[in-house]
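First comes the structure, then the notes that go with it.
The values are calculated or read from the model by the stated rules, or taken from the named source; none is laboratory data. Quick caveat, the model's predicted, so the values are computed rather than measured. With ideal geometry, Cβ positions are generated from the backbone for all residues, glycine too; neighbour counts draw on all protein chains shown.
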Amino acid sequence: MAVATAGTSQSGGTSLWRDPKARAIIVQVVVVASLVAFLWFIIHNTAVNLEKRGIATGFEFLSQPAGFDIATSIIAYDATMTHGRVFWVGLLNTILVAVLGVVFATVLGFILGVLRLSPNWLINRLAYVYIEVVRNIPVLLQILFWWAFFLGLPRVKDAINVFGQDIIFLSNRGLQSPWPVPEPGFGLVPIAFVVGIVATIVLARWARKRQEQTGQHFPVVWSGFGLIVGLPLLAFIVTGFPLSWDIPVQKGFNFKGGFAVTPEFTGLWLALSLYTAAFIAENVRSGIQAVSHGQTEAAYALGIKPSWTMRLIILPQALRVIVPPLTSQYLNLTKNSSLAIAVGFPDLVSAFGNTTLNQTGQAIEVISMTMAVYLGLSLAISVFMNWYNKKIALVER
Amino acid sequence: MVDSTGNETKHAPGQHPDMPPPRLSVGAVGWVRQNLFSSIPNSVLTLVSAALILYIVPGLLDWAIFSAQVDGNSRTDCTNTGACWALVRVRFNQFMFGFYPASEYWRVILAGILLLLALAYILFEHLPYRTWGLLYAALYPIIAFFLLAGGLGLEFVETDRWGGLMLTIVIGITGIAASLPIGIILALGRRSQMPIVRVLCVAFIEFIRGVPLITVLFMASVMLPLFLPEGVNFNKLLRALIGVALFSSAYMAEVIRGGLQAIPKGQYEAAQALGLSYWKMMGLIVLPQALKIVIPGIVNTFIGLFKDSTLVLIIGLFDLLGIVKAAITDANWIGLSHEAYAFAGATFWIFCFSMSRYSIWLENKLHTGHKR
């Protein structure tokens, strides 16, 4: 309180309340005291309530058997496994929806954003109508709609035979497609794929250096595509097609074998992607519009063709404006994926935050863990996007 | 220059008559050439999208209007090929008012009309008696509470009978009305010089913004009863409202912080030089300017809140979407999910789209600088 006494001694007889520094200290002490009192009140009540209901706190429930089935899981799971396992199944499903959603939403959003600026009147009106319709309807409604749509497909008995080859089926049980089963010798293909990627990176570096020195352009995109796709294909042919397919077969009321995507997953993923794409499209549009028109004119004046102007001049500058709002769209999509609970797709909130909570009654532990995971995911996405943003930011003096 | 007879006509310098522009570059033909068929790729795109429109629009119109049926009292009454709007017609009152007693509908409608009046005073500047109007708008939540819940001579209506569009609007308005003051406090706290206050506000805002609304709603509906002393119990709607208010106040705080940051430092310094206290400086000088700039942002937050209010169906409340979802599981109306969702979607769309138009109009009005 040395500051406070100095204040009073100077002006002689001024109350502590008139001294900004003393007042700041008093206010903060009051805030901390009331916060502590409030927390004590809550903790005390909670302890009393838990004791009365006979609920023991702690994380022991995580090692108890869950006893319920989960329809979709990336890792092996059955009903005899623990609630801790349910947590991981749910978390991985959340990440799966978020990653696939972000990829599709970004691609669609960029396409729509560019179309929205097209000089073609019909195209930009179409993009406008799509954006305004989709982003003004609650995403939960869209999820329920697409879920109902996929559930409304024909029953398994009359499943739609896509391509008529008896390999891919669409029904109210979802999409069934063949699943590749590698045979001996297939290991060469992924190796060739990695080699292709490394070779493309080396090639891109070399081409860039050469262009900076001599001004000659090398078609990196096409040759990179050839390397990444062509090399594995070559390896595949040389080793004599070492791959067989696990084809879905109709058995009773469902399909057996192959690879299945449930209507819940498809509905959730499609709705989230379509919804977020509309917002991304608006970010892309405003980003591109933020680049001065003089940049385009200057590029044309230098004789750079339109497609290169977009890729080399406009987009790199627009990205600086686009990336920050894009980050919050990715965060929104990840958080919205928790709406899986409405259609029963077993994500973190639905499998762990709801089913486990209802079975064990450990509300505080379950909800805290769920919230902590989302906070962690949000933080991870922010850190990554901030790193990317710094990388593409304008380098100034 | 060649005239109609093929003879070359000569004009003195500066005496050339005004010629009409080439016929192919003006009027409808010129517009089509310029906007639809300016190049080969453009022409292809135009034809593809025209085909797409011709494929989708007539089918959609036929389903929704021409082959649709409105009368009938169950699914089996609908014998047509298009939409069966009978569900929406039969359940319309429920979609609007939930399970509110039919004899008391007038109270909801009156509250709605009074709401429009209050909104008009808040949103538009040039109305007569503005000061009284704003005072009335501030008192509106109390009036609406007594109108909807009952008391003062009106019959009591339990909140579990509230539902449909009415409940959606109640959640939206309560959320925005509660989140504005909390958001202002949080935003001021985040920009405060006092480290403890600042850290607490930042922690709260970032925590809420980092988790999905559904987990906040779960917390409000499952954990809140544990936090309260014995005997105190909040009903389901109030718990949901607390969750929604906490959630939206964090977002509101960030919008308002943007406005506070946009006010030049000179304004703060001038206020301090005049000897104004902190609250007078904020209340009389800074906040009126800051809030005015961020009205579009507040409207956008409100649109988000309005759409997010549908999430209360997950914790068992029957807002518009919740009651529509319940209606399509009715055995008499099974299989009509498209019609029901189309109706709910159109209702939400009308609200959200008109709010976003207002926000854009306001942005243009406030944006008095140079535009390109």
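Remarks
- Residue within region B:43-51 that is touching a residue at least 60 places away in the same chain (Cβ under 8 Å), assigned to a helix (DSSP H, G or I) and not assigned by TED's automatic domain parsing to the domain that holds B:TYR341 present: no
- Under the condition of being under 20 Å from A:SER368 (Cβ atoms) and under 28 Å from the mean Cα position of the chain (by Cα), the residues counted in region B:212-239 number 11.
- Verdict on A:ILE55 being modelled with pLDDT under 90, within 10 Å of chain B (Cβ to nearest Cβ) and part of a helix (DSSP H, G or I): no
- Matching residues in region B:37-53 - criterion: being within 7 Å of chain A (Cβ to nearest Cβ) and under 34 Å from the mean Cα position of the chain (by Cα): B:LEU45, B:THR46, B:SER49, B:ALA50
- One residue stands out in region A:341-362 among those that are within 10 Å of chain B (Cβ to nearest Cβ) and touching a residue at least 60 places away in the same chain (Cβ under 8 Å): the one that is farthest from the chain's Cα centre (by Cα), namely A:GLY361.
- Residue tally, condition at pLDDT 90 or above and closer than 16 Å to B:LEU317 by Cβ, over region B:193-236: 4
- Some residue of region B:180-195 being surrounded by fewer than 17 Cβ atoms within 10 Å (Cβ to Cβ), within 28 Å of B:VAL299 (Cβ to Cβ) and over 23 Å from the mean Cα position of the chain (by Cα): yes
- Among the residues of region A:78-93, not a single one is under 25 Å from B:LEU305 (Cα atoms) and crowded, with 18+ Cβ neighbours inside 10 Å.
- B:SER359, sole failed condition from (1) more than 26 Å from B:ILE173 (Cβ to Cβ); (2) surrounded by fewer than 20 Cβ atoms within 10 Å (Cβ to Cβ): (1)
- Residue among A:THR72, A:THR106 that is touching a helix residue (DSSP H, G or I) at 6+ places or on another chain (Cβ under 7 Å), more than 13 Å from chain B (Cβ to nearest Cβ), at pLDDT 80 or above and crowded, with 18+ Cβ neighbours inside 10 Å: A:THR106
- Total residues in region B:193-219, condition at the interface with another protein chain (Cβ under 9 Å from one of its Cβ atoms) and farther than 24 Å from A:SER337 by Cβ: 6
- Within region A:368-393, the only residue that satisfies the criterion of being over 21 Å from the mean Cα position of the chain (by Cα) and within 12 Å of chain B (Cβ to nearest Cβ) is A:SER368.
- Yes/no for B:LEU24 being assigned to a helix (DSSP H, G or I), modelled with pLDDT under 80 and farther than 29 Å from B:GLY322 by Cα: yes
- Pairs where the first residue, in region A:18-35, is at the interface with chain B (Cβ under 10 Å from one of its Cβ atoms) and the second is part of a loop (DSSP other than H, G, I, E, B), C-beta under 7 Å, 6+ apart: A:ALA24/B:GLN193; A:ALA24/B:MET194; A:VAL27/B:MET194; A:GLN28/B:MET194
- Breaking point among (1) surrounded by fewer than 16 Cβ atoms within 10 Å (Cβ to Cβ); (2) not in a helix (DSSP H, G or I), for A:GLU297: (2)
- Counting the residues of region A:120-146 that are of a type in the set (A, V, I, L, M, F, W, C) and more than 9 Å from every other protein chain (Cβ to nearest Cβ) gives 6.
- Qualifying residue in region A:113-132 (condition: in a helix (DSSP H, G or I), surrounded by 21 or more Cβ atoms within 10 Å (Cβ to Cβ) and of a type in the set (Phe, Trp, Tyr)): no
- Of residues in region A:151-190 being surrounded by 12 or more Cβ atoms within 10 Å (Cβ to Cβ) and within 14 Å of chain B (Cβ to nearest Cβ), the one farthest from the chain's Cα centre (by Cα): A:PRO154
- Residue in region B:242-265 that is farther than 25 Å from B:PRO296 by Cβ and at pLDDT 90 or above present: yes
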